[in-house]
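Reading through the structure tokens given below for one structure.
What follows is calculated from the coordinates using simple rules that are stated; it is not laboratory data. Fair warning: this is a prediction, and the values are worked out from it, not measured in the lab. For neighbour counting, all protein chains shown are included, and Cβ atoms are generated from backbone atoms with ideal geometry for every residue, glycine included.
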């Protein structure tokens, strides 16, 4: 559709030179050259320096903490995100539209604001934290607090990826399944879940990738104790403030490698899905 | 409970819907989850900000450092967003209206800043302009201050908000194809007239949508500007950074007061966004249609 008539459009429509020129120059100046500088810097460190900083116990702990808390948060967001999407798409109840709009709050609310609000909410004297305290659960200033903040950040990624696909599910297919004797549970498991599975995986990967690098919403609630509750982006800031550029660049390089691996897997999942189902 | 909801006469029970009890339970779980993670933090911002009354609240907002943080945040957004608007229009025009090699690579590169951690988006500018960089002697000789000053804040913000406008426009313009433009051109319109009177009206709501998200992020960005700001009170502190400083000084009313302004802006953003999706959903890229 997009390519309809575009074989001769190069001759008809003007402005290719100037628009592509500006695009590439601006992309280069704002994104590519700065990122290339980072790659050059980490390459300039040499393998031994990179290896030494990367095996530093505090660095390893920080990166591992960022990865596993981001993973758990993304895992939590899968069932709850799918449930929220389902409730928004299929059911009608008062306040639905407002709640639906509120799902995007983590995209719109500045991360620092989310950070201090979540901390105050889940702190031992906070509205929710006080209840958790009675059960002997400490949320704020522990890895659990980090998981809470990352769950907040990741939720819209899962909901907004799954929602459009859910809206596209043809009710007739469900009716067909029901006519053929499938119970409701079987229909959900055999018909609906397979249809939304690629979107669920993509949403999971997006939430996971975003959470690994997240800083603002986590740094207030995390506690920031080295080896225990110090996330990778915070350790990175600390190294930078010590003017330890080698250490900072190492942490940054490792974080970049993780998020690019995830990005490539997301693209791969989407390409696979398009091939199998005809659209993404 | 089973008597209330469980035994619905067969004829009334739809084969493609859940029972009333299941439905109610699912809605309840979703609402509780959203309340715990989204709604309560939002309410808490305003409660904490007004904890010592409206007087203290407005006093905190009138603080000179808070005012200067608001001015700086606005300045940064006003400079960074227009650049990204022009870029978004140029990139979507080139990508949607023409065929060329490497198009998919270009689209992926435009999305790149989204997959880079905010703090790294700040670091790249420190490495480029910091005291250890190749450019540093030249900058010092010409007395140009980029880091810990407005230019650094603007560059970091431009990097972080880079894809927002482009990614709203590209898919929509690709769906729309080139027939409208070809018709206008064949009727004698110039390239610029075609762009202004045909293309721009076709994508106007998507453009508004992209600019809205771009501006919201530019105002709220924390990690990237935190790295390049230097945290000089009254000078290089944007609103989110000012929230952090006040919070770390245990000046909670002040921190939540500034935060409440940002939260209000976020609510306005969500409101406009929802209106755009409901009213003009058919004129947005397909991912946002309702």
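Points to keep in mind about this one:
- Added length on full extension, which subtracts the Cα-Cα distance from 0.36 nm per residue, residue B:78 to residue B:131: 16.3 nm
- Over the stretch A:134-268 - Rg/Rh using Cα atoms and the Kirkwood inverse-distance radius: 1.16
- Relative contact order, whole percent, for the stretch A:140-239 stands at 46, derived from Cα pairs under 8 Å and 6 or more residues apart.
- The fraction of all Cα pairs in chain B landing in successive 5 Å bins from 0 to the largest distance is 1, 5, 9, 11, 12, 12, 11, 10, 9, 7, 5, 3, 2, 1, 0, 0, 0, 0, given as whole percents.
- Selected from A:252, A:195, A:73 as most flexible by GNM, with chain A as the system and alpha-carbon contacts under 10 Å: A:195
- Here the alpha carbons of the stretch A:46-277 define both size measures, Rg and Dmax, at 20.4, 68 Å.
- Label-to-label distance, residue A:131 versus residue B:24, with points set 7 angstrom from Cα along the beta-carbon direction: 2.0 nm.
- Using a Förster distance of 41 Å, the FRET efficiency for residue B:183-residue A:260 (Cβ separation, nearest 0.05): 0.45
- Here is the tail figure for the stretch A:168-245: Cα pairs spaced more than 16 Å apart come to 67 percent of all pairs.
- Where labels lie 7 Å past Cα in the beta-carbon direction, separation of residue A:18 and residue B:286 in nm: 3.2 nm
- Projected-area average for the protein assembly as shown over all orientations - Cα convex hull basis, square nanometres: 30.3 nm²
- Residue among A:235, A:193, A:27 with the largest mean-square fluctuation in a Gaussian network model of chain A, springs linking Cα atoms under 10 Å: A:27
- Extension gain from residue B:54 to residue B:114, taking 0.36 nm per residue of separation minus the Cα-Cα distance: 17.7 nm
- In this label model, residue A:267 and residue B:197 are separated by 4.1 nm, measuring between points 7 Å along each Cα→Cβ vector.
- Adding -39500 (n - 2.57) for every DSSP H run of four residues or longer, then dividing by how many residues chain B holds, sets the calculated 222 nm ellipticity at -21500 deg cm²/dmol.
- Shielding by partners, peptide A:81-91 (average Cβ within 10 angstrom, other chains): 4
- Against the rule of thumb 2.2 N^0.38 Å, how large the Cα Rg of the stretch B:77-132 comes out: 1.43
- Per residue of chain A, the DSSP helices (runs of n ≥ 4 H) give a summed -39500 (n - 2.57) that works out to -23500 deg cm²/dmol at 222 nm.
- Among B:111, A:168, sorting on how many other beta-carbon atoms sit within 10 Å of each Cβ, with the fewest leading, yields A:168, B:111.
- Once C-alpha pairs closer than 8 Å and six or more residues apart are averaged by separation and normalised to the residue number of the stretch B:75-202, the relative contact order reads 41 percent.
- For the stretch B:1-150: relative contact order, % (alpha-carbon pairs under 8 angstrom, 6 or more apart): 9 percent
- Compactness of the stretch A:215-278 as Cα Rg over 2.2 N^0.38 Å, two decimals: 1.57
- GNM on chain B, alpha-carbon springs under 10 angstrom: the most fluctuating residue among B:245, B:29, B:144 is B:29.
- For the stretch B:1-151: rounded, prolate or oblate by the Cα gyration tensor [a/c cutoff 1.5]: oblate
- Largest-first ellipsoid semi-axes for the stretch B:93-171, taking √(5λ) over the Cα gyration tensor eigenvalues, angstrom: 31, 14, 12
- Rh by Kirkwood over Cα pairs, then Stokes-Einstein D for the stretch A:56-155 at 1.306 mPa s and 10 °C, µm²/s: 105 µm²/s
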